[in-house]
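Every number in this text was worked out from the coordinates using simple rules, so none of it is lab data. What you are looking at is a predicted structure, and each value in this text was computed from that prediction instead of being measured. Note that each Cβ is placed from the backbone with ideal geometry, even for glycine, and that neighbours are counted across all protein chains shown.
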Protein chains: 2
Amino acid sequence: MPYRKVSEQPRRAGRPRDAARESAILEAVDAVLAERGYEGLTYEEVARRAGASKATLYRRWATKREMVVAALRAGPARAPDAGPVDTGSLRGDLLALCRRLLATMRAADGRTALLLLQAGLEDPELCDAIEEAVGPTGSRLPASVVDAAVRRGELPAGADPFPFEEVVGSVLLLRRLNGLAADDDYLHALVDTVLVPALRATADGAPRPPAGIFSGHPAPDTHPREGDS
Amino acid sequence: MPYRKVSEQPRRAGRPRDAARESAILEAVDAVLAERGYEGLTYEEVARRAGASKATLYRRWATKREMVVAALRAGPARAPDAGPVDTGSLRGDLLALCRRLLATMRAADGRTALLLLQAGLEDPELCDAIEEAVGPTGSRLPASVVDAAVRRGELPAGADPFPFEEVVGSVLLLRRLNGLAADDDYLHALVDTVLVPALRATADGAPRPPAGIFSGHPAPDTHPREGDS
DNA sequence: CACTTTTCGATACGGCACGTTTCGTATCCT
DNA sequence: AGGATACGAAACGTGCCGTATCGAAAAGTG
């Protein structure tokens, strides 16, 4: 197989790969991904935009998936994943987390977020690769936030992050997918009328298995590959 | 344009359309839709399964969208939309509504629900057509349920259905899309730790504009059609 | 500096799947 | 009967895939 990872170091003689080509291609992948989606992405189109030859692409990545994963890994879609959140109030923290998640989705934008679903859904491997490449979806509720809220008396001890983790990612993603606005007013409503009351009530509920938006496929056979006949 | 709606009655001469062909085709559309999704649906494949000629399809529907909409309209995907819900408790009502919504998604199954997003997202017209064809998404919280709960003292007067309408549809749909289970345990957790507490807290929050999952595109230009260059 | 190795863009090929149209035949209405 | 329409089969063009080949360029190697 003529495809070698770029990072391999055996230092063969000959003309080295052009890093500029590589990044140009990956940028093109992001662009095409954004407007055509995963299914609609073709080697042909990527090569066209990058001003590169298809051979150059195939020399690097044997499959579309590899190429896309590489682009996601290198692309601007990385989660900001800034430091811990502590605004002094639970409301503030939750708002900040929501905003951060929105920013992540926006960064992974051009509907890359959509791609996550559209493609990952059909292709568990790609799904995992995406999650690994793009980082955690950011829909987790950090323990530090819960702890701080408990310390302040805003939450009962043993509060369960389930409502946050389960709701926020889904709602914001779906909202984004449908082109519905998720402005500050909306976030406030979500935090005040859903998240905070729900979190307050979780002390007695049994803890739920948290589930990422993209990870955690429990039913491996839920993802059919090819049809019957 | 040689395409005429089947229902037109002007009684033209010539061989009439074969209703059996029609339903066979629409069934095939449903099937293909279920396993290949909207993007993956082709005239070719539908014709193959229906044992029909592609010309026969084209004679009826000029575009894929028309065909799909026809299939949805005729298909078994209609929402059950049973009568009003009244189980005697708010919890019970909410659970019942969730189950009903799940049933709708399952009825429109084979990931037809997915199709709703995957395609509707890119195509507002299709989106509207779907919503019109398949009926309301069922993620509304009937006023009767709220009223009953208020009467029982389970909710404060003026409770806002926002948490339910905004959360349930998104969460269940996304869960379904990702192949994550939404069993009864899960629904109980959702109802008890999210919905009920959130609904209880909505008396003072300003009412939010309700938004269906599929309808209500506020930004018409959020839906790009063709590329640039 | 010559020589080798590898990359690069361009281009071409066979193959396949699809969309769309054409054609001969079958079927039904008037 | 005659005209009009529906039907299935097949043809045509297009776009993409995956691969291969070419000449030129760019680096290391002796």
| query | Between B:A96 and A:R152, how many nm apart are label points set 7 Å from Cα along the C-beta direction? | reply | 4.0
| query | How many partner chain Cβ atoms sit within 10 Å of a residue's Cβ in peptide B:159-172, on average, as a whole number? | reply | 4
| Scattering curve values for segment A:19-74, log₁₀ I(q)/I(0), Debye with Cα scatterers, q = 0.20 Å⁻¹ | -0.58
| task | Quick one: which residues, 5 or more positions from A:T87 or on another chain, have an amide H under 5 Å from its amide H? H modelled 1.01 Å from N in the peptide plane, none for Pro or chain starts. | result | A:D93
| request: Multiply the residue separation of A:S144 and A:A103 by 0.36 nm, subtract the distance between their alpha-carbon atoms, and state the gained length in nm to one decimal. | output: 12.7 nm
| Can you list the HN-Hα couplings for segment A:36-52, worked out from phi with the Karplus curve (6.51, -1.76, 1.60; θ = phi - 60°), rounded to whole Hz and with x for Gly and Pro? | 10, x, 5, 4, x, 7, 10, 4, 3, 5, 4, 4, 4, 5, 7, x, 10
| Which whole-Hz ³J(HN,Hα) couplings does segment A:158-172 yield from phi under the Karplus relation 6.51 cos²θ - 1.76 cosθ + 1.60, θ = phi - 60°, glycine and proline marked x? | x, 4, 9, x, 3, x, 5, 5, 7, 8, 4, x, 4, 5, 5
| In nm, to one decimal, how far is the A:D183 label point from the A:K54 one, both placed 7 Å along Cα→Cβ? | 4.7
